[in-house]
Amino acid sequence: QVQLVESGGGLVQPGGSLRLSCSASGSIFSILTMGWYRQAPGKQRELVARITRGGTTNYADSVKGRFTISRDNAKNTVYLQMNSLKPEDTAVYYCNVDPPIKGYWGQGTQVTASS
């Protein structure tokens with residue numbers, strides 16, 4: 001069983017930056033492909049970035065060039081650096097494995113880009 005705890009969200013002005021962290025329990029973290037997901041009000045949850053155990057990354061077109069996913073296997077942590085935030089990035093952000101496992105969803109962390 002893996003437990004995931006997200007942190008680092010907040011309120012920023014458009015154009016600002018935030019760095020999200022996802023701390024995972026469990027010794028299998030280093031072999032998992034991890035993903036950052038987000039869900040905006042009235043919309044379905046979507047995958048915005050993923051990183052394999054070897055460090056290969058993929059991004060949704062909407063965040064490509066602005067967001068960077070990374071991981072530290074020694075710390076069982078995955079990060080999401082978000083730059084040039086836009087109002088449409090406003091959502092609750094979650095981490096999970098990819099593909100996601102229902103029982104692994106945490107509380108998420110709210111990101112709001114607004115002036």
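The values are calculated or read from the model by the stated rules, or taken from the named source; none is laboratory data. Small disclaimer: the values here were computed from a predicted structure and weren't measured. Note: ideal-geometry Cβ built from the backbone for every residue, glycine included; neighbour counts use all protein chains shown. Please note that ligands, DNA and RNA were not included when accessible areas were found on the heavy atoms of the full protein model with its side chains. Shrake-Rupley method; radii C 1.70, N 1.55, O 1.52, S 1.80 Å.
For the reader, a short list of remarks on this structure follows.
- For the stretch 66-80, the tally of residues that are out of contact with any Gly (no Cβ under 9 Å at 6 or more places or on another chain) and within 12 Å of Val48 (Cα to Cα) stands at 3.
- Complete set of residues in the stretch 1-16 that are open to solvent by less than 60 Å² (accessible area, probe 1.4 Å) and of a type in the set (A, V, I, L, M, F, W, C): Val2, Leu4, Val12
- Residue count, the stretch 4-28 (criterion: in a loop (DSSP other than H, G, I, E, B) and either at pLDDT 90 or above or at positive phi (or both)): 8
- Members of the stretch 29-57 that are open to solvent by 70 Å² or more (accessible area, probe 1.4 Å) and outside any strand (DSSP E or B): Ile31, Pro41, Gly42, Lys43, Gln44, Arg45, Arg53, Gly54, Thr56
- Every residue from the stretch 58-91 that is of a type in the set (S, T, N, Q), open to solvent by 50 Å² or more (accessible area, probe 1.4 Å) and either under 15 Å from Thr33 (Cβ atoms) or assigned to a loop (DSSP other than H, G, I, E, B) (or both): Asn58, Ser62, Asn73, Asn83, Ser84
- Residues (closer than 16 Å to Asp89 by Cβ, hydrophobic (A, V, I, L, M, F, W, C) and out of contact with any helix residue (DSSP H, G or I) (no Cβ under 8 Å at 6 or more places or on another chain)) located in the stretch 41-64: Leu47, Val48, Ala49, Ala60
- Tabulated pairs, the stretch 73-85, first farther than 12 Å from Leu4 by Cα, second of a type in the set (Lys, Arg) and modelled with pLDDT under 95, C-beta under 6 angstrom, 6+ apart or interchain: none
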